[in-house]
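Reading through the structure tokens given below for one structure.
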Amino acid sequence: FHGIISREQADEILAGVEGAYILRESQRQPGCYTLALRFGNQTLNYRLFYDGKHFVGEKRFESIHDLVTDGLITLYIETKASEYISKMTTNPIYEHIGYATLLREKVSRRLSRMKNESRKASFTSEENTPVEKITSLVRRAALTQNDNHFNYEKAHNFKVHTFRGPHWCEYCANFMWGLIAQGVRCSDCGLNVHKQCSKYVPNDCQPDLKRIKRVYCCDLTTLVKAHNTQRPMVVDSCIREIEARGLKSEGLYRVSGFTEHIEDVKMAFDRDGDKADISASIYPDINIIAGALKLYFRDLPIPVITYDTYSKFIEAAKIANPDERLEAIHEVLMLLPAAHYETLRYLMIHLKKVTLHEKENFMNAENLGIVFGPTLMRPPEDSTLATLNDMRYQKLIVQILIENEDVLF
């Protein structure tokens with residue numbers, strides 16, 4: 001650190017020493033600091049920030065030395081290979097993974113064997129197999145050959161990642177340079193790519209069960225793709241149990257079960273997945289299972305009726321003419337992601353069955369609309385006023401979906 005000095009003084013100090021750097025305080029803005037770095041026979045000046053870590057751009061470093069090291073690597077690569085970098089994404093190996101053919105064939109054979117044993121293919125049923133050691137790319141390629149795979153489109157959940165040791169991009173097959181944060185990794189399937197390559201990767205994420213830590217609070221599409229099911233197994237399991245022993249239960253879905261027991265069911269699903277025991281011998285009160293189902297929908301990070309379609313549904317509900325309103329609702333339903341649409345369809349079929357026992361359970365489509373409206377759809381902005389203003393339309397949407405499920409779905 002050289003205190004308050006000018007750019008010219010910093011240039012004199014660093015002259016002729018490639019890769020050298022100093023820190024200085026700005027003459028024009030006291031209290032602001034600059035990193036002066038010698039590269040390419042010139043002195044480069046960067047505004048330096050600190051929030052517990054040092055940074056001049058997106059990457060944050062424990063020490064100035066690491067920041068400079070990473071900066072020199074990046075400057076060198078971008079200077080010497082700029083033309084090559086610009087062409088990296090033009091001929092990706094993403095769709096042509098010949099280097100992994102052998103591993104892919106092993107996976108395919110194993111999938112064929114598993115299909116004969118069970119209708120549910122899963123990569124986590126056996127430990128210490130070659131499948132656990134292969135890259136996400138090979139896993140994705142193998143799954144495309146699996147007839148049981150429900151082909152819902154899902155975007156990758158990329159997050160900046162620091163790789164230990166040399167690493168190569170699984171989109172373009174080129175080296176990922178830098179000291180830290182060299183690229184991004186999909187936190188759902190483990191795909192590793194350059195940040196610039198992530199823009200070109202198709203929405204074909206196949207989540208790995210080992211990366212899915214819980215069932216509740218997990219994105220709906222992520223969960224169904226990880227478990228290779230049409231709908232979240234929570235929905236299937238709870239509805240199956242409710243239809244087996246609870247359709248005539250008075251106040252079904254309106255009467256609350258004990259919160260502690262509902263939390264127990266939630267933890268059972270998070271811990272045991274589709275093997276969770278929610279039978280009458282464990283939870284005799286069917287309201288506990290109904291409460292667990294409602295809690296699952298409330299905990300979704302993106303509601304069943306997504307934020308993107310929320311306003312369109314509300315506008316459709318405001319249409320006075322019943323036929324036009326029904327048509328408008330149908331058009332918006334078509335905009336839902338496939339997994340959301342299938343889950344909503346299945347739930348509405350179930351709720352229609354609930355209304356058929358209205359004489360015993362006192363739950364008609366309007367009552368269920370009041371219960372499920374705020375559960376299935378929430379406004380994008382966290383506004384209490386907007387929620388209150390839209391409640392009657394939320395109720396009406398669910399009521400219409402139940403009453404017309406055979407037409408709308």
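The values are calculated or read from the model by the stated rules, or taken from the named source; none is laboratory data. Predicted, not measured: the structure shown is a model, and the values here were computed from it. All Cβ positions, glycine included, derive from the backbone under ideal geometry; neighbour counts span all protein chains shown. SASA here: full protein model, heavy atoms, side chains in, ligands and nucleic acids out. Shrake-Rupley method; radii C 1.70, N 1.55, O 1.52, S 1.80 Å.
Okay, here's what the table says:
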quantity: Restricting the stretch 221-329 to trypsin sites (Lys or Arg not before Pro) in coil, as DSSP defines it, with at most 13 other Cβ within 10 Å; calculated: LYS248, LYS318
quantity: VAL407 - accessible surface, heavy atoms, 1.4 Å probe, Å² rounded to 10; calculated: 90 Å²
quantity: Charge dipole (the chain, unit charges on Cβ, about Cα centre) - positive-most of VAL215, GLY3, VAL17; calculated: VAL17
quantity: Filtered GluC sites (Glu not before Pro), the stretch 346-409: DSSP coil and at most 16 other beta carbons within 10 Å; calculated: GLU381
quantity: Radius 12 Å from Cβ of GLY178, net charge of other residues (Lys, Arg +1; Asp, Glu -1); calculated: -2
quantity: In degrees, nearest ten, helix 286-299 long axis to first principal axis of the chain (Cα); calculated: 30 degrees
quantity: Ellipsoid equivalent to the stretch 217-347 - semi-axes via the Cα gyration tensor, in Å; calculated: 29, 18, 12
quantity: Relative counts (whole %) of C-alpha pair distances in the chain, using bins that are 10 Å wide; calculated: 4, 17, 21, 19, 16, 12, 7, 2, 0, 0
quantity: Phi-based couplings in Hz for the stretch 223-239 (Karplus 6.51, -1.76, 1.60; Gly and Pro marked x); calculated: 5, 5, 6, 5, 8, 6, 10, 5, 10, x, 5, 4, 5, 4, 5, 5, 5
quantity: DSSP-loop chymotrypsin sites (Phe, Trp or Tyr not before Pro) across the stretch 48-88, with at most 16 other Cβ within 10 angstrom; calculated: none
quantity: Accessible area in square angstrom per residue, the chain, 1.4 angstrom probe; calculated: 52 Å²
quantity: Of all DSSP beta bridges in the chain, antiparallel share, percent nearest 5; calculated: 90 percent
quantity: Relative packing of 185-192, 9-16, which averages over residues the other C-beta atoms within 10 Å, highest first; calculated: 185-192, 9-16
quantity: Ellipsoid semi-axes in whole angstrom, largest first, where each is sqrt(5λ) of the Cα gyration tensor of the stretch 295-343; calculated: 22, 11, 9
quantity: Pair LYS195, MET267: separation of 7 Å Cα→Cβ label points (nm); calculated: 4.1 nm
quantity: Shape call, the stretch 7-87: gyration tensor on alpha carbons, a/c limit 1.5; calculated: oblate
